[in-house]
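For reference, the structure discussed in these notes is given below.
The values are calculated or read from the model by the stated rules, or taken from the named source; none is laboratory data. Here the structure is a predicted model, which is why all the values come from computation and not from measurement. Backbone-built Cβ (ideal geometry, glycine too); neighbour counts: all protein chains shown.
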């Protein structure tokens with residue numbers, strides 16, 4: 001399974017402070033994981049955390065596992081990273 005290549009949907013709950021997104025993207029870049037799309041919403045009134053949604057290009061499962069472990073180890077990440085494997089279906 002670690003050799004399987006697929007794209008991913010990742011949802012993180014992160015502290016809203018400078019540098020957090022840079023830390024996350026550096027972790028991905030260090031493992032050659034490219035981002036297809038990223039959305040970060042504003043925090044709710046009075047909240048100190050924000051949801052971050054990432055869509056990646058295809059990557060080997062083992063590199064995504066490493067990246068998720070490193071992201072979850074950041075002190076600014078409040079919950080486990082939610083991961084969904086994406087399959088692009090081609091219809092002719």
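So, residue 74, is that one under 11 Å from the mean Cα position of the chain (by Cα) and under 29 Å from residue 3 (Cα atoms) or not? Against the criterion (under 11 Å from the mean Cα position of the chain (by Cα) and under 29 Å from residue 3 (Cα atoms)), residue 74 does not qualify.
Just to check your reading of the model, which residue among 76, 70 is in contact with a strand residue (DSSP E or B) (Cβ under 9 Å, 6 or more places away or on another chain), modelled with pLDDT of 95 or more and surrounded by 15 or more Cβ atoms within 10 Å (Cβ to Cβ)?
76
Taken over the range 24-64, the residue count meeting the criterion of being under 19 Å from residue 80 (Cα atoms), touching a residue at least 24 places away in the same chain (Cβ under 8 Å), surrounded by fewer than 18 Cβ atoms within 10 Å (Cβ to Cβ) and more than 11 Å from the chain's Cα centre (by Cα) is 6. The residues of the range 4-28 that are in contact with a helix residue (DSSP H, G or I) (Cβ under 7 Å, 6 or more places away or on another chain) and not in a strand (DSSP E or B), listed by number, are 4, 24, 27, 28. For the range 29-40, does any single residue satisfy the condition of being at positive phi and assigned to a loop (DSSP other than H, G, I, E, B)? Checking the range 29-40: at least one residue is at positive phi and assigned to a loop (DSSP other than H, G, I, E, B). Residues of the range 60-86 that are in contact with a helix residue (DSSP H, G or I) (Cβ under 8 Å, 6 or more places away or on another chain) and either more than 19 Å from residue 18 (Cβ to Cβ) or not in a strand (DSSP E or B) (or both): 67, 70, 71, 74, 76, 80, 81, 83.
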